[in-house]
Amino acid sequence: MQTYTYRNGKKLLLNKSGDEFVTRETPEELIARGITQVEKTSSVSSKVKTTPEGLEADMARSRETAPTHHAYYLAETGDEFLITDRVTISFKAAISSEDLAAFMGKYGLVLLEEYSPQDFLFQLTEHTGMNPIKLVVKLTEEEPGIAFAENDTNYRVKRYAIALPTDPIYARQWHLQTRFTNADFDPRSSSNCEEAWKLLDNFGSPEVVIGITDDGCKVDHPDFSGDKFKGWGYFRGSRLVKNTDIDAVAAEMYIKGSDHGTACAGVAAGNANGQLVVGAAPGCKLLPVQWQSDGPYLLISDSKLLTALTYMADKVDVVSNSWGGTPTSIWQTLVVNRLRDLAKTGGRRGKGIVFLWAAGNENCPINHEANVEVPYTDGWSFANNQWRWVGVETSRSFQNNLVGIPGVLHVAALASTAQRSHYSNYGTGIEITASSNNVHSYSRIRLRGLGISTSSGESTGFTNSFGGTSSATPLTAGIVALIVSAKPDLSGAEVISILKKSASKDLNLTDYPRTPPASYDPNPTWDVSPVAPFDKGEFKNINSADGTWSPWFGHGKADAQAAVKMAIGNVPPTPPEPQKAIRIVSALVNPVGFDSGKENITLLNPNAVLADLNDWTLDVNNRKQTLKLILNPGEAKTFNVDPSKVVLTNTGGTIKLIDKDQKLVAQVKYLKKEVKNGIVVEF
């Protein structure tokens, strides 16, 4: 029987591992007991590898010392689904203390957290009598008073940074101004923060606060001197230790070797104090939250994210999150609802928080069902002190349930050449792009592009080689902070609209060559990205009030100067350019030789944006054919008509082009006398 649970109101199919289990013990504790094949999955739990024959016996022994569960994987994608011994439950209505106590007693639960009078986090006990998966299913299917029940899952998400060796010339911060000169720098790639500062006559308001959730921040760094922090916090287990707690230690905010969060904070708001580097909004404050980490992974759970959101709820204007999971990122309903609510009415001003997420560095879609296998790893493995090609992992299904939430934006990366960074994820869900570095996703081609200079906790105090969508995201957060500095009474939704409407579309739309063969991989046909319908970067009309959209760049490059101008009212929002109708320019009615399959029609897109004609209708003398066609800007395309659907008769006729809303877009007529053998009729 297929194992399943529930998530976001939908049934989620799971596969149970036949040789792994999860236990609430640290790797150190397990190793001390002689169990060596372990992986850290959170600050207090581990995944243990065993054998199919020994699984049940090993789990029974483990249960004698700690809560222990099977290891599960998502059936559709194979991603790990790291359950804990905790569940979140939302009742359909506020529940009384008496009814809550009775419910907890019925299922052997302990209350850990009350989010609202109807939303709770519970811990299972040995009296629950079933594992967390079965409990969620039972509560969802058999308890009529429950709106939803979901597992509190752990996540091991990747920090989105690509740090590469670079030349010292990269120390010039090209992403903030346009005076830098280098063959690999196209001024169109700059965020123009310097010009925004001139408009503001300052570096941003000290009242505006940027939240950063990452692996910490070196709070005593020279770039963060003075009264830089609105607050800070770090997780130890499930507890968020805040700067106001009596036992809080500032030095705990930075762990040597975990430099990602410090770099992000520097990109967003490093001080303009003559020390090392400058951020996008040097005058604004920071509020960093440190997740615990293990190597390249941050250790996050649904409940921890809820705790972090609660802490920041009334303190920040924008939150930068340079981490995520690919190909699957599915957060529980409470997290989604909390983000949705805070984006409307949360924040320091009560006008909504702008949430920014790094789109990711895997050169793949973030939310798409593809008809081909798409790589989402770089294909390399590091073992025995050397790199080894092991081949890319692929998927057809890419899911991210934060896409489409109002107030949540995914940020893509733009190279210093004004070209899409090769690694940058793409497609549905991309809302904006911002300056970053460039590198080939599979380490086969040397690509042009400069690194980002920002703060570092290492001895030099800075790095010239930060990048990835990790760098693009806090840069965008700094630009958001400048917009709020310019006009503090803006709502979060209005800030986002200004960011999108003011974004620059004057970018390099050139794609990259496919990955070349190598001795260790002679046939790289797996390199298919960007996949259709996202294989072109042109901006197209999607009927958005915020303007045209590109699957590579979203609404365009975040432009601080243009955004601040718009915010302070110097420039009204630019209305979208009126779109001209698609034209029927010609038809070959009577081809030379046998007619069938050779009659054709030519259409022209006279606009500067892509035209999607999929599901439009071609009507010839009231006989109809559904089109599957995309026209690039300015493109004329000829296609053969389907003789089983329509016929261009030699006696004359009427050709109509009808859009998917059944509106007539174009109509032409031709007469019998115009039809000549092998001659194209022009309209």
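So which of Glu98, Glu114, Glu76, Glu64 ends up being touching a residue at least 60 places away in the same chain (Cβ under 8 Å) and of a type in the set (Asp, Glu)? Reasoning before the result, please.
Values: Glu98 fails: touching a residue at least 60 places away in the same chain (Cβ under 8 Å); Glu114 fails: touching a residue at least 60 places away in the same chain (Cβ under 8 Å); Glu64 fails: touching a residue at least 60 places away in the same chain (Cβ under 8 Å).
Answer to the selection: Glu76.
All conditions in (1) assigned to a loop (DSSP other than H, G, I, E, B); (2) without any contact (Cβ under 8 Å) to a residue 24 or more places away in the chain; (3) of a type in the set (D, E, K, R) hold for Arg348, with the sole exception of (2). For Met59, the test of being closer than 27 Å to Arg236 by Cβ, part of a helix (DSSP H, G or I) and among the aliphatic types (A, V, I, L, M) is failed.
Every residue, every condition in (1) surrounded by 24 or more Cβ atoms within 10 Å (Cβ to Cβ); (2) modelled with pLDDT of 95 or more, yes or no:
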site: Val208; (1), (2): yes, yes
site: His221; (1), (2): no, no
site: Phe224; (1), (2): yes, no
site: Ser238; (1), (2): no, no
site: Met253; (1), (2): yes, yes
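Within the span defined as region 599-608, one or more residues are surrounded by fewer than 17 Cβ atoms within 10 Å (Cβ to Cβ) and closer than 28 Å to Asn543 by Cβ. Among Val44, Val48, Val87, which is over 30 Å from the mean Cα position of the chain (by Cα) and either under 30 Å from Tyr376 (Cβ atoms) or among the acidic types (Asp, Glu) (or both)? Going through Val44, Val48, Val87 in turn, just one is over 30 Å from the mean Cα position of the chain (by Cα) and either under 30 Å from Tyr376 (Cβ atoms) or among the acidic types (Asp, Glu) (or both): Val48.
Hey, does region 662-674 have a residue that's within 26 Å of Pro551 (Cβ to Cβ), buried (at least 16 other Cβ atoms within 10 Å of the Cβ) and within 43 Å of the chain's Cα centre (by Cα)? Walk me through how you get there before you give the answer.
Filtering region 662-674 for residues within 26 Å of Pro551 (Cβ to Cβ) gives 663, 665.
Then drop every residue that is not buried (at least 16 other Cβ atoms within 10 Å of the Cβ), which leaves 665.
Still in the running and within 43 Å of the chain's Cα centre (by Cα): 665.
Yes, region 662-674 contains at least one residue that is within 26 Å of Pro551 (Cβ to Cβ), buried (at least 16 other Cβ atoms within 10 Å of the Cβ) and within 43 Å of the chain's Cα centre (by Cα).
Table: residues versus (1) in a strand (DSSP E or B); (2) within 30 Å of Ser329 (Cβ to Cβ); (3) not assigned by TED's automatic domain parsing to the domain that holds Thr26.
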| position | (1), (2), (3) |
| --- | --- |
| Phe235 | yes, yes, yes |
| Lys256 | no, yes, yes |
| Val267 | no, yes, yes |
| Asn271 | no, no, yes |
| Gly279 | no, yes, yes |
| Ser303 | no, yes, yes |
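Determine, yes or no, whether Gln662 is at positive phi and out of contact with any Cys (no Cβ under 8 Å at 6 or more places or on another chain). Spelling it out, Gln662 is indeed at positive phi and out of contact with any Cys (no Cβ under 8 Å at 6 or more places or on another chain). For region 76-96, the tally of residues that are modelled with pLDDT of 90 or more and surrounded by fewer than 20 Cβ atoms within 10 Å (Cβ to Cβ) stands at 6.
Go over the candidates Lys673, Lys637 one by one and state the one that is without any contact (Cβ under 8 Å) to a residue 40 or more places away in the chain, under 22 Å from Ala611 (Cβ atoms) and in the same structural domain as Leu603 (by TED's automatic domain parsing). Even if it seems obvious, please write down each step before you answer.
Details: Lys673 fails: under 22 Å from Ala611 (Cβ atoms).
One residue alone meets the criteria, Lys637.
Give me the strands (runs of 3 or more DSSP E) completely within region 353-456, filtered to those with at least 3 residues that are in contact with a helix residue (DSSP H, G or I) (Cβ under 7 Å, 6 or more places away or on another chain) and at pLDDT 95 or above, ordered by residue number. Steps first, answer last, please.
Values: elements: 354-358, 368-375, 380-383, 386-389, 394-400, 408-414, 430-435, 452-455.
In region 353-456, 354-358, 408-414, 430-435 are the strands (runs of 3 or more DSSP E) which contain 3 or more residues that are in contact with a helix residue (DSSP H, G or I) (Cβ under 7 Å, 6 or more places away or on another chain) and at pLDDT 95 or above.
Specify the residue that is farthest from His440 (Cα to Cα); the eligible residues are those in region 509-547 that are surrounded by 17 or more Cβ atoms within 10 Å (Cβ to Cβ) and among the small types (Gly, Ala, Ser). Of everything passing the filter in region 509-547, Gly547 is farthest from His440 (Cα to Cα). Look at (1) touching an Asp or Glu at 6+ places or on another chain (Cβ under 9 Å); (2) in contact (Cβ under 8 Å) with a residue 60 or more places away in the chain; (3) more than 20 Å from Ile83 (Cα to Cα) and you find that Gln332 fails only one, number (3). Based on what the data block shows, is Asn385 surrounded by fewer than 23 Cβ atoms within 10 Å (Cβ to Cβ) and either among the acidic types (Asp, Glu) or more than 22 Å from Trp323 (Cα to Cα) (or both)? Judged against the criteria, Asn385 is a match.
The values are calculated or read from the model by the stated rules, or taken from the named source; none is laboratory data. Keep in mind that what you see is a predicted model, and the values were worked out from it rather than measured. Positions of Cβ are generated from backbone atoms using ideal geometry, with glycine treated the same way; all protein chains shown enter the neighbour counts.
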